[in-house]
Each structure stands twice: as structure tokens, then as C-alpha cells.
Amino acid sequence: MNITGIMVYYYFICQKKLWYFMNEINMEQNSELVSIGKILDETTYSREKKGILIDNTINIDFIKNGAILHEIKKTKAIEEAGIWQIKYYMYYLEKRGVKNIQAKIDYPLIRESKEIILEDDDRNVLDNIEKNILDLKQMDNPPKLINEKICKKCAYYDLCYV
Ligand code: SF4
């Protein structure tokens, strides 16, 4: 199984959500928040070529000046997950021989950008995350409900709270 950037993103948000996603239980198309994200993606940075899919595995929002990876996010509410998603892109490309990768997360709604650095320790963390995601995929049942504030906005809310 290829580990994609969205899997790393979900890993940090909720592992139950990630389990649903990896088992192809998809309710995201019903989510208003996902629709907002798509509109944002289509209407911002319109001069850049969007959605650069590499190895059918990582999907970079856009690459500027041929060197800087960019990931577009709506808010900073789940910033940590977005940071690890783009670090995973850097790590993935680095393992395939791409050098001196730079990256940024853009928050167009608040007109901010954040530079992301891949630190030495991050490589070990990402190695472990890959293993944990593969283990999670093997589980017969989803992990427990996290029951956090974020659940109310989650596309899987109805499924989790039946
Ligand atoms: S509703 Fe909560 S527990 Fe269920 S998948 Fe979403 S975030 Fe995870």
C-alpha cells in the first residue's frame, strides 16, 4: 500500500478517520468543509499549476519557482497535521534523491504563509508513522472514537455517533 499525504494528515487528526479512509468508507463528498476546501483550491493561486501528483502517492498543491512545495490550508485549526503532511512530502522526495527541498504552507484566507523545515528527528518520526499506518490498515475494526470538538465538523460524524 502506498502511504499518501492525506493519510499522514488524517493520522494526526484522528486514526479512526484514517481507518475509515483506508478501508474505502468515504463520506467526505457530503462534507461542507471539504467543499469549501475544494473551492479554495480552485480559486486561489490561480497562476500556478495545481495538484502535482507524484508516483500516484503524494499530491502537492503547487510548486513555485521549480523548487518550493506549497500546501494550501483553510485554517490553522489543525495546523500540526498540515505540517506533518508537507514534511512527509519532503521526506518522500528526499528518499527518492531530490535534494534541498523547501516547503511552505499557505493560509490564503488569513494571508499568511509558514515555512516548513524537515529536521533530522522528523525523518525518524515519519519512519514510525509509516509503520503505524501500515499496522492500522491491518486492523479488523476501527480504533476508538476520539470524541473531540473536531468530531462535530467531521464527515464521519454520523457514522461514529449512531
Ligand atoms: S467523528 Fe471524531 S472519532 Fe469519528 S472519525 Fe471523525 S474525528 Fe474521528
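The values are calculated or read from the model by the stated rules, or taken from the named source; none is laboratory data. Nothing here was measured: the structure is a model prediction, and the numbers come from that model. A quick note on method: Cβ atoms are made from the backbone with ideal geometry, for glycine too, and the neighbour counts reach across all protein chains shown. Please note that ligands, DNA and RNA were not included when accessible areas were found on the heavy atoms of the full protein model with its side chains. Shrake-Rupley method; radii C 1.70, N 1.55, O 1.52, S 1.80 Å.
So Asp122 ticks every box in (1) under 25 Å from Glu24 (Cβ atoms); (2) modelled with pLDDT of 95 or more; (3) of a type outside the set (S, T, N, Q); (4) open to solvent by less than 30 Å² (accessible area, probe 1.4 Å) but one. Which box is left unticked?
Asp122 satisfies all of (1) under 25 Å from Glu24 (Cβ atoms); (2) modelled with pLDDT of 95 or more; (3) of a type outside the set (S, T, N, Q); (4) open to solvent by less than 30 Å² (accessible area, probe 1.4 Å) except (1).
Can you find, within region 95-108, the residue that is farthest from Ala77 (Cα to Cα) among those that are within 18 Å of the chain's Cα centre (by Cα) and not β-branched (Val, Ile, Thr)?
Filtering first and then ranking leaves Gln102.
What do you reckon, is Ile78 touching a Gly at 6+ places or on another chain (Cβ under 6 Å) and within 25 Å of Ile150 (Cβ to Cβ)? Break it down stepwise before answering.
Numbers: touching a Gly at 6+ places or on another chain (Cβ under 6 Å): no; within 25 Å of Ile150 (Cβ to Cβ): yes.
Considered against the rule, which asks whether it is touching a Gly at 6+ places or on another chain (Cβ under 6 Å) and within 25 Å of Ile150 (Cβ to Cβ), Ile78 comes out as no.
Out of (1) open to solvent by less than 70 Å² (accessible area, probe 1.4 Å); (2) assigned to a loop (DSSP other than H, G, I, E, B); (3) modelled with pLDDT under 85, what's the single condition that is false for Leu40?
Failing condition for Leu40: (2).
Only one residue in Ile129, Ile83, Ile60 is modelled with pLDDT of 95 or more and surrounded by 14 or more Cβ atoms within 10 Å (Cβ to Cβ). Which one?
Working: Ile83 fails: modelled with pLDDT of 95 or more; Ile60 fails: modelled with pLDDT of 95 or more.
Unique residue meeting the criteria: Ile129.
How many of the residues making up region 108-143 are out of contact with any helix residue (DSSP H, G or I) (no Cβ under 9 Å at 6 or more places or on another chain) and either charged (D, E, K, R) or within 20 Å of Tyr10 (Cβ to Cβ) (or both)? Can you show your working first?
Within region 108-143, the subset out of contact with any helix residue (DSSP H, G or I) (no Cβ under 9 Å at 6 or more places or on another chain) is 110-113, 115, 120-121, 124, 128, 131, 134-135, 138, 140.
The next check asks that each one be either charged (D, E, K, R) or within 20 Å of Tyr10 (Cβ to Cβ) (or both); those that pass are 111-112, 115, 120-121, 128, 131, 134-135, 138, 140.
Count: 11.
Can you pull out the residues in region 90-107 that are closer than 20 Å to Ile6 by Cα and not hydroxyl-bearing (Ser, Thr, Tyr)?
Within region 90-107, Met90, Leu93, Glu94, Lys95, Arg96, Ile101, Gln102, Ala103, Lys104, Ile105, Asp106 qualify.
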